[in-house]
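Following: one structure in structure tokens, then a few remarks.
The values are calculated or read from the model by the stated rules, or taken from the named source; none is laboratory data. Please read all numbers here as calculations on a predicted model, not as lab measurements. Don't worry about glycine lacking a Cβ; one is built from the backbone with ideal geometry, like all the others, and counts go over all protein chains shown.
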Amino acid sequence: MGLNVTQKLIQSHLTDGDLTPGAEIGLTIDQTLTQDATGTMVMLELEAMNIGRIKTELSAQYVDHNLLQTDFRNADDHLFLRSACNKFGVWFSKPGNGVSHPVHMERFGVPGKTLLGSDSHTCAAGSLGMLAIGAGGLEVALAMAGEPFHVTMPRVMGVKLTGSLPDWVSAKDVILEMLRRHGVSGGVGKIIEYYGPGLDDLSAMDRHVIANMGAELGATTSVFPSDDRTRMFLTTQEREDAWVELTADPDATYDEHDEIDLSSLEPLIAKPTSPGNVVPVSEVAGKEIYQTYIGSSANPGLRDFAIAALITEGKQTHDRVSYDINPTSRQILQNLSDSGMLSKLISAGARIHQAGCNGCIGMGQAPATGRISLRTVPRNFPGRSGSREDQVYLCSPETAAASALTGVITDPRTLDMEYPTFTEPKNQIINREMLEAPADNPDEIELQKGPNIKTLPIFDELPERLDGPVLLKVGDDISTDEIMPAGTKVLPFRSNIEEISRFCFSQIEENFHDRAIEHQDDGFVVIGGDNYGQGSSREHAAIAPRYLGLRVAIAKSFARIHRQNLVNFGVLPLVFTDAGDYDAIEQGDEIELPNVREELKSNGEITVRNKSKNKSIKTTHNLTDRQVEMLLEGGLINVFRKQREEKAAAS
């Protein structure tokens, strides 16, 4: 039986395990990607584990999230990251060079390679025929040290694409259609592989749009073949020598199936406050808006900005609307300028921001209170924009530009104009100048640490028993943005766990930190619903609660990356055996795990007693032996240190 693209990628990088879905596998990692919101932790973790020079083929560190230098903190972290890159052997992308995902695709992406990134949207590189997976920073640090990456072998969902996109419909509508069908947890435990004749209609950057937001489906990653469209992109980037063909065998099969006729799609939009809340644009047309925002890693291509420029060319956007243009790389900004598209946007009233994540992560461009913002970003979780009472809708550049003109949500098909066409020039400006290769003299490099950069806390091993109150109970689909928010107030403390912990769960309860700190020594429990910890890979959402005293999280189900992050830092993730038991626990109840250490070593069931209600609750952990060892030792760093000490003693 033939292999699909996913199976070929995995098989060629297996260190242990096999292709049986549900079993744990180990993978060799060729490349890693880190960004400044998570990369500071990665570099501190490399330091904590006493790692020398990295062992991957290529690792790159991008400064794209924390670009606002309103005080010394972000600027100090930029200097720290640059010094760490030189010391450990990592490429450094300077502030203003652009968002990690499109820049990595332009400069470093190679079909057939594996990429592990401390950013959940690392999966965007699947557009090039890579196996690209988002993970917690600690796992990325270990991959940089040459260790394999472990993950549960996913099921592979094959999505056959047929037909061609009609006018006013683009790649964003394809992934919104997937979210309309499958929701934010429909991809959990799966890799989405796209195939079929409809691929001929999608450029490599169109595929990036789809692969990027596969993270919103909860998928492990998304995969596209490496074909002539991939080759065309790499040729344009003056990297044709990196191209290799990688396609599914003619008799390849998939574990699950879906099919989309591209010609049947219409403009779609995700309503607040979930990427899965998708309806046709026509259903919400006419609602007054405050802002349209074009850019982000979810719509990063030259084409996405050019289409908006052509739609608004010669016109002026509505006087109530902030028309925000967020270039995704310095190179794209230069090409927009060179082609005249930038001038068209400026003439139409656009506000041009620096190349980076910016408003997508809540670093500026926040909308007015309660006003509608149409964005081409990947997520619209509550408060992520920087405004607590935001109303963020996710849409295509076509819908955003059309609505900027009218001042209301507008189906772009209703504009009195022909659909503009744009063909990307074969000869584009290539910008390599803001990427710095690592230094050749690592032993002479010292890490530059400003006063806000603090050493990682070391956590103790799991005790024989655990007792503590349920300090917080939350519902379904709680995101890491709600556990540990980003934005201008929070992200500058990403290298200071004590300070950033003050914002833990603040989106849900403002005084959570003050209640939690009282239980820092004794520990506490958090109860969650389905898909607990969806969204961003930020491990701060595990480290900060653990620092405050979180020892156990019990949920109906966990998002993949957050569950592993909890394990990495010694927090026990348990799943209700009977989902109905979720209702039997209330915030404030006293919880007891009387024999947790021994039970964790011996079986998959953990005894949980609700002392307040004198009731036993059945839970399971479904952890591998490797994960159990991490929890027993108090986290992955402790395991790594122990293994190195044992090797040193044996030699």
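Here are some notes:
- Any chance residue 422 is in a loop (DSSP other than H, G, I, E, B), under 24 Å from residue 571 (Cβ atoms) and not polar (S, T, N, Q): no
- Condition check for residue 544: crowded, with 18+ Cβ neighbours inside 10 Å, touching a Pro at 6+ places or on another chain (Cβ under 9 Å) and of a type outside the set (Val, Ile, Thr): no
- Spans of helices (runs of 4 or more DSSP H) in the range 269-340 with at least 3 residues buried (at least 20 other Cβ atoms within 10 Å of the Cβ) and not β-branched (Val, Ile, Thr): 302-312, 330-339
- Only listed residue being under 24 Å from the mean Cα position of the chain (by Cα) and of a type in the set (Gly, Ala, Ser), chosen from 242, 219, 252: 219
- Of all the residues in the range 463-493, those that are more than 16 Å from the chain's Cα centre (by Cα) and either surrounded by 21 or more Cβ atoms within 10 Å (Cβ to Cβ) or closer than 19 Å to residue 384 by Cα (or both) number 11.
- From the list 15, 56, 32, the one residue that fits, being in the same structural domain as residue 112 (by TED's automatic domain parsing) and in a loop (DSSP other than H, G, I, E, B), is 56.
Conditions tested, residue by residue: (1) charged (D, E, K, R); (2) within 31 Å of the chain's Cα centre (by Cα); (3) part of a helix (DSSP H, G or I); (4) surrounded by fewer than 18 Cβ atoms within 10 Å (Cβ to Cβ).
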residue	(1), (2), (3), (4)
566	no, yes, yes, no
588	no, no, no, yes
612	no, no, no, yes
617	no, no, no, no
623	no, yes, no, no
630	no, yes, yes, no
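- Against the list (1) farther than 20 Å from residue 429 by Cβ; (2) of a type in the set (Ser, Thr, Tyr); (3) in a helix (DSSP H, G or I), the condition residue 343 fails is (1).
- Among the residues of the range 360-413, the one identified as β-branched (Val, Ile, Thr), crowded, with 24+ Cβ neighbours inside 10 Å and modelled with pLDDT under 95 is 361.
- Entirely in the range 461-519, the helices (runs of 4 or more DSSP H) that have 2 or more residues that are in the same structural domain as residue 540 (by TED's automatic domain parsing) and closer than 30 Å to residue 607 by Cβ: 480-483, 512-517
- Restricting the range 161-176 to residues that are in contact with a strand residue (DSSP E or B) (Cβ under 6 Å, 6 or more places away or on another chain) and surrounded by fewer than 24 Cβ atoms within 10 Å (Cβ to Cβ) leaves a set whose member that is nearest to residue 532 (Cα to Cα) is 161.
- Summed over the range 48-72, residues that are of a type outside the set (A, V, I, L, M) and in contact with a Ser or Thr (Cβ under 8 Å, 6 or more places away or on another chain) total 6.
- The criterion of being surrounded by fewer than 24 Cβ atoms within 10 Å (Cβ to Cβ), aliphatic (A, V, I, L, M) and in contact with a helix residue (DSSP H, G or I) (Cβ under 9 Å, 6 or more places away or on another chain) does not hold for residue 215.
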